[in-house]
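Worksheet: one structure, shown below.
The values are calculated or read from the model by the stated rules, or taken from the named source; none is laboratory data. What you see is a predicted model; the values in this text were computed from it and never measured. Positions of Cβ are backbone-derived with ideal geometry, glycine not excepted, and every protein chain shown enters the neighbour counts.
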């Protein structure tokens, strides 16, 4: 079992809940109807609808179980309620400048809502660990797959 808390923003928790509800209330019942219809057609060993349906049902059930476990372990933290806005904490949107003065904007979010392409990084990623607790003007070194890099915290915003 993972010992780290599963921090998540309210929007991230809502997204998990919506996916869970859609799978459990909509997709799974439709699939059960299809499986029942296919089973009534006779020989199940050569019935593609039945076999595909059973396989898809197992995938949906695995995802539903995964989502249920993640929601149960979730600790929802609203970044808008942080009192200390001068430091980088969970949910902060941080503007970083590297040695070449190129800027990068990242938001520290939960593992379930991370999307690097949109600048949303897991609060436990190497870059997030390096900047957590930093204030504007602080320099932080981080070891990335491309090598070691130094970033300066240029700005910190909270929703």
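Things to note:
- Taking region 60-80 as the range and being out of contact with any helix residue (DSSP H, G or I) (no Cβ under 8 Å at 6 or more places or on another chain) and under 17 Å from residue 5 (Cβ atoms) as the test, the residues that pass are 69, 72, 73, 75, 77, 79.
- Within the span defined as region 58-79, one or more residues are surrounded by 11 or more Cβ atoms within 10 Å (Cβ to Cβ) and assigned to a loop (DSSP other than H, G, I, E, B).
- Filter result for residue 133 (under 22 Å from the mean Cα position of the chain (by Cα) and in contact (Cβ under 8 Å) with a residue 40 or more places away in the chain): yes
- Being loosely packed, with under 14 Cβ neighbours inside 10 Å, outside any strand (DSSP E or B) and at pLDDT 90 or above is true of residue 14.
- Exactly one residue out of 50, 13 is under 30 Å from residue 132 (Cα atoms) and touching a residue at least 12 places away in the same chain (Cβ under 8 Å), and it is 13.
- Residue within region 30-42 that is surrounded by fewer than 16 Cβ atoms within 10 Å (Cβ to Cβ), outside the structural domain of residue 112 (by TED's automatic domain parsing) and at positive phi present: yes
- Just so you know, in region 91-111 the residues that are surrounded by fewer than 20 Cβ atoms within 10 Å (Cβ to Cβ) and touching a residue at least 24 places away in the same chain (Cβ under 8 Å) include one that is farthest from residue 11 (Cα to Cα), and it is 99.
- Residue 83 vs. criteria outside the structural domain of residue 22 (by TED's automatic domain parsing), assigned to a strand (DSSP E or B) and either closer than 30 Å to residue 39 by Cβ or out of contact with any helix residue (DSSP H, G or I) (no Cβ under 7 Å at 6 or more places or on another chain) (or both): no
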